[in-house]
Protein chains: 2
Amino acid sequence: MTATVKSLGEQGLLKIFRQYCSAVVGDDAAPMGATLPDRQMVATTDMLIDGVHFSDRTTSPEDVGWRAAAVNLSDLAAMGAKPWGLVMSVGLPPDTEIAWIEGVYRGFSECLQTYGTELVGGDTVRSPVRTLSVTAFGQVPKTQVIQRHTARVGDVIVMTGLHGLSKAGLELLLKEELKEELLVPMLIGNQILAGEDLVQAICHYHQRPIPRFDAIAILHKILNQQNHPTDFPVSGMDSSDGLADAIAQICRASKVGAKIHWRSLPIHRAVRALAGDRALEWVLYGGEDFELVLCMPLSLAEKFVNQLSGAVIIGEIIDGDRIDGLEMRSAFQHFAP
Amino acid sequence: MTATVKSLGEQGLLKIFRQYCSAVVGDDAAPMGATLPDRQMVATTDMLIDGVHFSDRTTSPEDVGWRAAAVNLSDLAAMGAKPWGLVMSVGLPPDTEIAWIEGVYRGFSECLQTYGTELVGGDTVRSPVRTLSVTAFGQVPKTQVIQRHTARVGDVIVMTGLHGLSKAGLELLLKEELKEELLVPMLIGNQILAGEDLVQAICHYHQRPIPRFDAIAILHKILNQQNHPTDFPVSGMDSSDGLADAIAQICRASKVGAKIHWRSLPIHRAVRALAGDRALEWVLYGGEDFELVLCMPLSLAEKFVNQLSGAVIIGEIIDGDRIDGLEMRSAFQHFAP
């Protein structure tokens, strides 16, 4: 039988890719070989396909553009890097409405402006399917690169915000009848919202993810006030593929285990209302929240969560190769689709 | 009527893109806003679609990979830049044979190794059509950036090698019967070839384009031996969209005209044999030769063509907005499809 992409699967494909790729550890963004005296250059790239990664049903062109930018910027933030610029290539069927691609550029540009960076180039080609490919470059001081493989036993695990809301937004966009479950006013961000405003605000979590450069800025501020540690004390990644995936990947790369403080794992009331008894599943496996999952010493973490509204310590790094007593693969796959 | 990509056309699309893009002049690669004291960072990106930019009929997977790398590296060379690294994202239908994508990575990697750079990241996604998106980053000393808009009246125009051979190779791949036209042995590179060897060698021009970093190295060597000129004396671009297009684009961006020395414009015998009375058309409009078209003072050009085998002075930059007496638009569109 001829091996195909389908028969090999994503992990198999990744293995082939890695044979040819110089970046050894799979961090959110790839370090580039080029050397500047004190800065590490990083690059990250994502390809988005109509019908796979976005759909007219759930995503306006402006939101497609915003997301395409935010997903890549989040990868830079997850390395502790600041953006230098982005390029976006676009493949379009000839019958694509101009209003659609203009909307995409508008949303993309809005996100870039929000985070102080810019579109520096691109390519526009004919394709049978609407395709966006975005690459972002950035730089990070060499002593402050956040990586996945440096979590240490004794570190605590911090998430920069709630999980499950992006999934909640997606479900609301797909199933209008779910609105009926949102019966009471709820606190979203720092506003109490109800009815259509509440629905919109939850959908926004899916449509307009936020790269957490603000969290990185607070982290750097705290670290700069401390004595210089010999090793950079923070490891981690973003939670684009879900909170459980982020924890599992950090543990696997760092050869450590983790213990989660289930009782202090916050679940938003909207997630409880919409997901019912699957609320924890949405939090752990919903994905696309684009928060940062960071490991650091408790003393640092306490300062960090004090200064970053919404950040929570959710567990700790322990010896071994298990997450909370579960063997890692099964912990990871337990609820996975 | 709703405006579509088809109704707006490529130029219209480009205009929309430029509203959102910070790179003002359309050089081969985009300068990034980020500042290093003495170096300009540049980035370039290309998207390649099955059936539009490559085809199993004319291109092996290894050649698809090589070309995807070479096209982007050529853009860096055209700016005078050295590569820092590349990322490649891949969209694949589930029934894609693994051998195909492995071949692509192999060819890509081979090209990168040849020019001393590396793949640093990428993305792999599901798509209904095989899609490659490559981004290359590089850097160039700020005083040595080659741009399109700085050609000066009195400069001569140099091309680093022959044109039309890529088109000749493509035609041979598409129409096997054309082989019959190659009746006599011919000099290709520095070898005299005949029969199937000759056919292969010509097809190679289409399948394995060469980014001309060697030409840039010679240029820098000559310039470093001279007194420091106040302005960098070289402008230009690569001829990916054809020799005529390169000349027209340089003239338009620099607000100058050009005079071509038709009698000294070399046409390879294979192009004459295969194209017949359309030989000049193939040379001017065939495209995808990925040579550099550079404008510089005669004294520099003489040293340059002496040291770079195959390089030829083909014309000069003149006052005005015409190429050889033709109004530029018609000069450009004369043979265009």
Residues of type lysines that A:Lys221 reaches as a straight line, Cα spacing below 21 Å, ignoring anything fewer than 8 places off in the same chain
A:Lys82, A:Lys142, A:Lys303
Projected area averaged over orientations for the protein assembly as shown, convex hull of C-alpha atoms, nm²:
33.5 nm²
Classify chain B as rounded, prolate or oblate, taking a ≥ b ≥ c as the square roots of the eigenvalues of its Cα gyration tensor: rounded when a/c is under 1.5, otherwise prolate if a/b is larger than b/c and oblate if not.
rounded
What relative contact order, as a whole-number percentage, does chain A give when Cα pairs under 8 Å and 6 or more residues apart are counted?
22 percent
Among B:Phe54, A:Ile202, A:Gln113 - extreme Cα towards positive end, dipole of the protein assembly as shown, charges at beta-carbon:
A:Gln113
Check the straight Cα-Cα distances from B:Lys255 and name the aspartates and glutamates below 19 Å, setting aside those fewer than 8 residues away within the same chain.
B:Asp27, B:Asp28, B:Asp155, B:Asp231, B:Asp238, B:Asp245, B:Glu316, B:Asp319, B:Asp321, B:Asp324, B:Glu327
Counting other Cβ atoms within 10 Å, which trypsin sites (Lys or Arg not before Pro) in segment A:77-160 have at most 14 and lie in a DSSP loop?
A:Arg152
Using a 10 angstrom cutoff on alpha carbons, build the Gaussian network for chain A and name the most mobile of A:Val283, A:Val305, A:Val184.
A:Val184
Which residue, A:Gly315, A:Gly189, A:Gly257, has the most motion in a Gaussian network model of chain A that connects Cα atoms within less than 10 Å?
A:Gly189
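Neighbouring Cβ atoms within 10 Å as the yardstick, rank A:Ser240, B:Ser55 fewest first.
Values: A:Ser240 21, B:Ser55 12.
Placing the least packed residue first, the sequence is B:Ser55, A:Ser240.
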List, shortest first and in nm to one decimal, how far the label point of A:Glu177 (7 Å from Cα along Cα→Cβ) is from its counterparts in the other copies.
6.4
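When a/c is below 1.5 the answer is rounded, else prolate if a/b is larger than b/c, else oblate, so apply that to segment A:5-143 with a ≥ b ≥ c taken from the square roots of the Cα gyration tensor eigenvalues. Numbers along the way, then the final one.
Working: a/c = 2.23, a/b = 1.30, b/c = 1.72.
Oblate, since a/c reaches 1.5 and b/c is not below a/b.
Can you work out D for segment B:156-333 in µm² s⁻¹ from Stokes-Einstein, where Rh is the Kirkwood radius over C-alpha pairs, the temperature is 25 °C and the viscosity is 0.890 mPa s?
Details: Rh = 17.0 Å.
So the translational diffusion coefficient is about 145 µm²/s.
By how many nm would the segment from B:Leu298 to B:Ala217 grow when fully extended, if each residue of separation counts as 0.36 nm and the alpha-carbon distance is taken off? Intermediate values should be presented prior to the final figure.
Details: separation 81, 0.36 × 81 = 29.16 nm, distance 1.87 nm.
Going from the current span to full extension adds 27.3 nm.
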Among A:Val120, A:Val312, A:Val104, residue whose mean-square fluctuation peaks in a GNM of chain A (springs only between Cα atoms under 10 Å)
A:Val120
Taking the label point 7 Å from Cα in the Cβ direction, how far apart in nm is B:Gly9 from each other copy of itself, listed shortest first?
5.1
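Let me make sure I get this right: for segment A:70-144, a, b and c are the square roots of the gyration tensor eigenvalues over alpha carbons, sorted descending. Under 1.5 in a/c it's rounded, otherwise prolate if a/b > b/c, else oblate. Which is it? Please list the in-between numbers first.
Working: a/c = 3.09, a/b = 2.25, b/c = 1.37.
Judged from the Cα gyration tensor, segment A:70-144 comes out prolate (a/c at least 1.5, a/b above b/c).
So what's the net charge close to B:Ala215: Lys and Arg +1, Asp and Glu -1, counting the other residues with Cβ under 12 Å from its Cβ? Walk me through the numbers before you get to the answer.
Values: positive: B:Arg212, B:Lys221; negative: B:Asp214, B:Asp238, B:Glu291.
Result for the neighbourhood of B:Ala215: -1.
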With the label set 7 Å along Cα→Cβ, B:Gln307 is separated from its counterparts in the other copies, in nm and shortest first, by 5.3
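Read the figures in this text as sums done on the coordinates, not as results from a lab. Nothing here was measured: the structure is a model prediction, and the numbers come from that model. Note: ideal-geometry Cβ built from the backbone for every residue, glycine included; neighbour counts use all protein chains shown.
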